[in-house]
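Taking it in order: structure first as structure tokens, then the write-up.
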Amino acid sequence: YEGWAREIARQIQDMRKEAGYKFMEKVVAQWHSDDEEIKKAINEWSGFIAHNSLLKEFSQRSHSEPKNFDIQKEFALETGRQLWLGLKK
């Protein structure tokens, strides 16, 4: 799971740059995945991901919540294992 955590932190850093956030600015991130292994990994490594990505909050998003984010992205951590991320100030 550590490899996934590092990849998620890297993706968040790329999204922060793309959104034009300041270097030390803390932001809010939400995530969603239907994959049980990804959910387990994120729950286990969420502190590491938040610390390494300068997040003030890193939470799981439910489908009913509105998607009002500055930037969002869905990608495969591995073949067939999708993860959605959204960032906002």
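The values are calculated or read from the model by the stated rules, or taken from the named source; none is laboratory data. On a predicted model such as this, the values are computed, not experimentally measured, just so you know. Using ideal geometry, Cβ is built from the backbone for each residue, glycine included, and neighbour counts are taken over all protein chains shown. For the accessible areas, the whole protein counts, side chains as well, though only heavy atoms, and no ligand, DNA or RNA atoms are used. Shrake-Rupley method; radii C 1.70, N 1.55, O 1.52, S 1.80 Å.
Here each label is just a point 7 Å from Cα along the line to Cβ, and for residue 35 and residue 62 those points are 2.5 nm apart. Proximity of backbone amide H atoms, modeled 1.01 Å from N, is registered between residue 60 and 31 at under 5 Å, excluding neighbours fewer than 5 places apart on the same chain. Applying the Karplus relation 6.51 cos²θ - 1.76 cosθ + 1.60 with θ = phi - 60° to the range 2-8 yields 3J(HN,Hα) values of 4, x, 5, 4, 5, 5, 5 Hz, where x marks Gly and Pro.
Counting 0.36 nm for each residue step from residue 23 to residue 73 and taking away their Cα separation leaves a gain of 16.0 nm. Residues in the range 11-19 carry Karplus couplings, in order, of 4, 5, 4, 4, 5, 4, 4, 4, 7 Hz; the curve used is 6.51 cos²θ - 1.76 cosθ + 1.60 with θ = phi - 60°, and Gly or Pro positions show x. For residue 70, the amide hydrogen comes within under 5 Å of the amide hydrogens of 87, 88, 89, counting only partners 5 or more places away or on other chains and with H modelled in the peptide plane. Counting only protein heavy atoms and a 1.4 Å probe, the chain has 58 square angstrom of accessible area per residue.
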